[in-house]
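Here is the structure we will look at.
The values are calculated or read from the model by the stated rules, or taken from the named source; none is laboratory data. Owing to the predicted nature of the structure, the values given are computational and were not obtained by experimental measurement. Note that we place each Cβ from the backbone using ideal geometry, even for glycine, and neighbour counts take in every protein chain shown. Heavy atoms of the whole protein, side chains included, go into the accessibility calculation; ligands, DNA and RNA do not. Shrake-Rupley method; radii C 1.70, N 1.55, O 1.52, S 1.80 Å.
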Amino acid sequence: MHDLLLIGGITSEMRARLERRFRIHALNMLDDDALSALGGQITHVATNGHDGVPARVMAALPNLQMVACYGVGYDAIDTDSCVARGIPVSHTPDVLNAEVATTAVMLMLACYRNLVSDDAYVRAGRWAQEGSAPLSRSADRRKVGLVGMGRIGQEIARKLSVFDAEISYHSRTPKDVPYQYCPNLVDMAQEADVLIVITPGGAATRHLVNGRVLDALGPEGTLINVARGSVVDEEALVAALQEGRLGWAGLDVFEAEPQVPEALLGMSNVVLLPHAGSATVETRRAMGALVVDNLLAHLDDGTLLTPVPECRHLLP
Ligand code: NAP
Ligand code: 8YV
């Protein structure tokens, strides 16, 4: 048996498989003394894209051999420190592409068709009292700019073909895809009806979508963010929505989760989700299976099925 430190939650299916090979220790049940007493025994960590592995926890685990992330985005994990210590990190790419793409499309449709505000209109009895709700806008044939054209971005583009979207994209390098590449994000925002943000988080993308990008998108424009809260300058976003310089926003992620800016809560032109992009039973099952498969592969022969790119050179 090995000792696994668990940061955040796992499903009962994951726990059942892991318990056959690991003694599981939940970080939230350990105070600092208990963590330092146990730290030397821990060989594996299972965490998620939100909690990562705090520096004080890394420092308390001198014999750590591997970190498994329950999510594709691993910006919360200090991979440089892991690599410097020879510790490989796994994540869960691809198995959530379709789900997160559905979430992005769902947010876009909800913004265009007033889904949430019309629902509130009916529930408040306003249909019967005041008559039909204001007209919404068509989501068909829109110019959609994807900020990020990786695994999930490509799936979003594919799903949007049903709505006859005209797709362009921005990333640091062009991809082998049949969409227009825009090296300049402000120029892309100027042309687009909708921006959908689906890059990794972290320092390289912090506030990539800033006030200039939002102003270029404009009062008729819609911003969808299913990437990380850090990619969008949230203060600039709130100000742009409040001042009518941006039309609509559909947000799954926020800068200080689970805190959501108070100002957004009262806006009817905003749709808010609790970082639920991949949060279905089916997709979490697939992600959970991949987390466990990576941990067991590492125990069996030191390999990982889906290592993060930065640590591939550490593996056999
Ligand atoms: P991926 O395949 O690595 O694609 C990332 C894309 O972002 C690539 O097109 C990349 O192109 C671009 N990019 C990276 N850095 C950039 C930068 N500095 N400026 C502009 N573009 C940049 O990743 P993925 O699997 O599609 O996942 C993307 C992200 O979605 C994850 O990292 C995670 O943060 C987020 N996510 C959120 C949820 C949710 O629940 N809301 C669920 C899953 C994933 P270049 O490298 O050429 O720039
Ligand atoms: C998870 C995500 O909810 O995969 C990601 O990058 O953001 C989501 O699928 C997150 O990792 C927390 O587990």
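Structure data summary
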read-out	value
Max mean-square fluctuation residue, GNM over the chain, Cα-Cα springs under 10 Å, options M66, M29, M106	M29
V72 long-range amide H proximity, modeled H, under 5 Å	T92
Solvent-accessible area per residue for the chain (1.4 angstrom probe, square angstrom)	48
Carbon plus sulfur fraction of accessible area for segment 97-272, probe 1.4 Å, in percent	51
Rg in Å to one decimal, and Dmax rounded to a whole Å, for the chain via C-alpha atoms	21.5, 69
Selection from T222, M66, V238, by position along the positive dipole direction of the chain (Cβ)	M66
Share antiparallel - DSSP beta bridges, segment 97-272, percent rounded to 5	5
For the chain, size of Cβ-based charge dipole, Lys and Arg +1, Asp and Glu -1, in debye	540
Counting DSSP beta bridges with both ends in the chain, the antiparallel % (nearest 5)	5
Length added when fully stretched, V281-D176, from 0.36 nm per residue minus Cα-Cα	34.6 nm
The chain: DSSP helices with Cα axial extent of at least 20 Å and average Kyte-Doolittle hydropathy no lower than 1.0	97-112
Order by protection proxy (mean Cβ within 10 Å, highest first), peptides 207-213, 264-270, 151-157	151-157, 207-213, 264-270
Electrostatic dipole magnitude of segment 134-285 [Cβ: Lys, Arg +1; Asp, Glu -1; Cα centre; debye, to 20]	500
Proportion of all alpha-carbon pairs of segment 97-272 beyond 18 Å (%)	59
Environment charge at P219 (Cβ cut-off 14 Å; Lys +1, Arg +1, Asp -1, Glu -1)	-2
Estimated 222 nm signal from helices in the chain, with DSSP H stretches of n ≥ 4 weighted -39500 (n - 2.57), rounded to 500	-10000 deg cm²/dmol
Distance (nanometres) between label positions extended 7 Å along Cα→Cβ at R137 and E310	3.8
Förster-model FRET efficiency, 30 Å R0, A120 and Q259, C-beta, rounded to 0.05	0.85
Whole-angstrom gap from segment 6-21 to segment 54-114, using each part's C-alpha centre	17
